[in-house]
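Colleague: Mind looking over this structure? Questions follow.
FYI, it's all coordinate maths here, none of it is from the lab. Keep in mind that what you see is a predicted model, and the values were worked out from it rather than measured. No Cβ is skipped: glycine too gets one built from the backbone with ideal geometry, and neighbour counts run over all protein chains shown.
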Amino acid sequence: MNVLAIDTATYASGAALLQDGIVRSEKVTFLKKNHSIRVMPAVDHVLSEADVTPADLDHIIVGEGPGSYTGVRIGVTTAKSLAWALDIPATGVSSLEVLAERGGMFHGRIFSFFDARRGQVYGGVYERDAAGGLKQVQPDALKLMTDFTAELAEAEGEILCLSPDLAQHEDVLKETLAHRAVFGRLQDMYPHPADVLAVGMRKEAAQSVHALAPNYGQLAEAEKKRVEAEKGGRHG
C-alpha cells in the first residue's frame with residue numbers, strides 16, 4: 001500500500017511516502033516562501049525516490065489546519081485534486097495533532113500551538129492513550145494564551161509545549177506553569193510530513209474527496225485582511 005502525505009499548513013512544507021508500513025521517503029523544507037511552488041516538487045521527489053508513480057498511490061493524507069490560511073488552502077487543494085484525479089480516498093488531519101505527534105511517547109499532556117497574534121494562539125491539548133495514539137484532552141481552539149495556560153495550570157504533571165512560535169509565548173508559559181512546562185527539542189517544534197502519515201493512518205478516510213475541507217479556524221486579524229484583499233483583487 002502506497003500512502004502519500006502532504007503538509008503545507010506551516011512554514012514546514014513537504015511530503016512523505018509510506019510504503020507497506022514503512023516511511024520510504026520524506027521531503028521537508030522550513031522556509032518562509034511560497035508553498036504553491038514547492039509542494040508538487042516535494043511530491044515528485046518522494047515518489048521518484050521510491051520508484052512510485054502517482055498511479056501507484058492508494059491513499060492521500062493532508063494536514064488540514066489550522067495554520068497559515070494560504071498554506072492550508074494550498075495543501076488541501078493539492079491533496080483533493082490528486083485524490084480526485086486518481087480516484088483514491090483522502091484524509092484530512094488536524095495540524096495541531098500532527099505537531100503533538102512530535103511529542104513521541106511523552107507521559108503527560110502535550111500542548112501544541114501556533115501563534116495567532118494579539119496574544120492568541122491556535123492550540124490543542126493531547127495525551128498518549130494506551131495504544132500509543134493521541135487522545136484529545138481539549139478541542140483545538142483559538143484562545144488567548146493566558147486562557148490556555150490557566151486551564152493547563154489545573155492539570156497535574158509536566159506539560160510538553162510544542163510550537164514553531166514558542167519564543168513569542170515562552171514567558172507566559174514559564175510564569176504560569178513554572179517547572180511543569182517542558183519544551184520540546186528544536187526539531188520537534190514543527191510538524192513533519194511523516195507525522196501526518198502517523199496521525200492519518202489512525203483515522204478513517206473521508207467518505208468523499210469533496211468532503212475534505214480546510215480547517216482555517218477563526219482567522220487571525222492579519223489573515224482576515226489578506227483574505228479580504230484577495231477577494232477584492234478577484235472582483236476588481
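Colleague: Looking at the range 134-196, which trypsin sites (Lys or Arg not before Pro) are DSSP coil and have at most 11 other C-beta atoms within 10 Å of their C-beta?
Modeller: The qualifying sites are ARG185.
Colleague: List the relative contact order of the chain as a percent without decimals, with contacts defined as Cα pairs under 8 Å and 6+ residues apart.
Modeller: 23
Colleague: Give me the net charge for the shell around GLN187: Cβ to Cβ below 15 angstrom, other residues only, Lys and Arg +1, Asp and Glu -1.
Modeller: Once positives and negatives cancel, what remains is -2.
Colleague: At a 10 angstrom cut-off on C-beta neighbours, averaged per residue, how do the peptides 16-23, 156-163 rank from highest to lowest?
Modeller: Ranking, from highest mean packing down: 156-163, 16-23.
Colleague: Same structure, new question: How much length, in nm to one decimal, is gained on full extension between MET40 and ALA211, taken as 0.36 nm per residue of separation minus their Cα-Cα distance?
Modeller: 59.3 nm
Colleague: Counting only helical runs of four or more DSSP H residues, what would the 222 nm mean residue ellipticity of the chain come to if each run contributes -39,500 (n - 2.57) and the total is spread over all its residues?
Modeller: -10000 deg cm²/dmol
Colleague: Tell me, VAL137, VAL72, VAL196 in order of fewest to most beta-carbon neighbours within 10 Å?
Modeller: VAL137, VAL72, VAL196
Colleague: In nanometres, what is the gap between the two model label sites at GLU158 and ARG117, each 7 Å from Cα along Cα-to-Cβ?
Modeller: 3.5
Colleague: Follow-up question, since we're still on this one. Could you sort the peptides 104-114, 51-61 by per-residue average Cβ neighbour count (10 Å cutoff), highest mean leading?
Modeller: 104-114, 51-61
Colleague: Could you please rank LEU99, LEU31, placing first whichever residue has the fewest other Cβ atoms within 10 Å of its Cβ?
Modeller: Fewest-to-most ranking of LEU99, LEU31: LEU31, LEU99.
Colleague: Multiply the residue gap between LEU31 and ASP56 by 0.36 nm, knock off their C-alpha separation, and tell me the result in nm, one decimal place.
Modeller: 6.0 nm
Colleague: Right, next: Taking the Cβ of each residue in GLU64, GLU170 as the centre, tally the other Cβ atoms inside 10 Å and list the residues starting with the fewest.
Modeller: Lowest to highest Cβ neighbour count: GLU170, GLU64.
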